[in-house]
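The values are calculated or read from the model by the stated rules, or taken from the named source; none is laboratory data. On a predicted model such as this, the values are computed, not experimentally measured, just so you know. Cβ placement follows ideal geometry from the backbone for every residue including glycine, while neighbour counts extend to all protein chains displayed. Accessible surface areas use protein heavy atoms only, side chains included; no ligands, DNA or RNA. Shrake-Rupley method; radii C 1.70, N 1.55, O 1.52, S 1.80 Å.
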Amino acid sequence: MRSIEGKNVLVTGGAGFIGSHLCDELIARGAKKVVCVDNFFLGKMENIAEAMEHENFVLYRDDCRQFGVMQSIIEKEEIEVVFNMATIALNYSFFNPFDAYMVNVEIANTLLELLKVGAYKTLIHTSSSEAYGTAQYSPMDENHPTDPTTPYAAGKAAADIMVHSFSKVLPLDISIIRPFNN
């Protein structure tokens with residue numbers, strides 16, 4: 001793992017439960033600046049209360065799907081590393097399946113296009129174990145087939161495939177992580 005110390009880092013969905021803990025940890029590990037972009041669909045101000053006390057923490061209440069918005073923030077804040085934590089709740093996909101699917105795909109697309117044109121250097125894309133669907137064997141590992149069973153999971157899996165394909169055809173610094181049971 002490369003050091004984050006002295007780097008300007010952006011966390012999409014940084015006011016969410018996991019994203020806010022990541023922001024706190026990045027500050028603790030010596031990031032020069034931690035920038036949170038969150039539309040507060042899931043995020044909460046109380047989640048980032050501790051981070052807000054630090055002068056090297058910057059908050060933007062914006063939609064990570066918007067290319068121009070993200071380009072402006074990344075340029076202004078001189079971002080080097082992006083942690084993509086932004087998503088929409090799994091339960092949302094039961095009453096608005098198309099939007100639940102598209103939010104994950106559109107955020108990934110925006111971040112990949114900005115990475116491709118050199119707006120920043122490194123993307124750590126956060127997926128979900130939901131992309132695997134129901135376990136076909138246990139323990140599940142990276143070789144487990146993907147078989148998403150909800151529109152949310154399908155959006156995560158589609159975004160993963162897009163991120164993976166960019167890493168295959170372009171010389172980009174990309175990682176995908178799939179947390180389980182958060």
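Round to a whole angstrom and tell me the spacing of the C-alpha centers of the range 65-84 and the range 134-174. Computed from Cα coordinates, the inter-centre distance equals 24 Å.
With a 1.4 Å probe and all protein chains left in place, how much of the accessible area of the chain comes from carbon and sulfur atoms, in whole percent? Solvent-exposed carbon and sulfur of the chain make up 52 percent of the total.
Packing order of peptides 81-94, 38-51, highest average first: 81-94, 38-51 (average count of other Cβ atoms within 10 Å over each peptide's residues).
On full extension, the segment bounded by Thr149 and Met52 gains 31.2 nm, given 0.36 nm per residue less the C-alpha separation.
If you run the Gaussian network model on the chain, springs between alpha carbon atoms under 10 Å, then out of Ser165, Ser128, Ser138 the most flexible one is Ser138. Tell me, what is the 1.4 Å probe accessible area of Ser175, in Å² to the nearest 10? Here the residue's solvent-accessible area equals roughly 50 Å². For the chain, the solvent-accessible area works out to 52 Å² per residue, with a probe of 1.4 Å and every protein chain left in place.
Comparing Ile18, Asn47, Leu114 along the charge dipole axis of the range 1-142, the residue lying farthest to the positive side is Leu114, per the Cβ-charge model. From the Kirkwood radius over Cα pairs of the chain, Stokes-Einstein at 10 °C and 1.306 mPa s returns a whole-number translational diffusion coefficient of 96 µm²/s. In straight-distance terms, cross-link reach from Lys76 covers every one of the lysines whose alpha-carbon lies under 19 Å from its own, apart from those fewer than eight places away in the same chain; here that gives Lys7, Lys32, Lys33, Lys116, Lys121.
What you get for the chain, charging only the Cβ of Lys and Arg (+1) and of Asp and Glu (-1), is a dipole of about 300 debye around the Cα centre. Roughly what % of DSSP beta bridges within the chain run antiparallel, to the nearest 5? Roughly 0 percent of the beta bridges in the chain run antiparallel, per DSSP. Net charge dipole, the range 129-177: roughly 120 debye, given to the nearest 20, about the Cα centre with Cβ charges of +1 for Lys and Arg and -1 for Asp and Glu.
Across the range 1-93, the mean sequence separation of Cα contacts (distance under 8 Å, 6 or more residues apart), normalised by length, yields a relative contact order of 37 percent.
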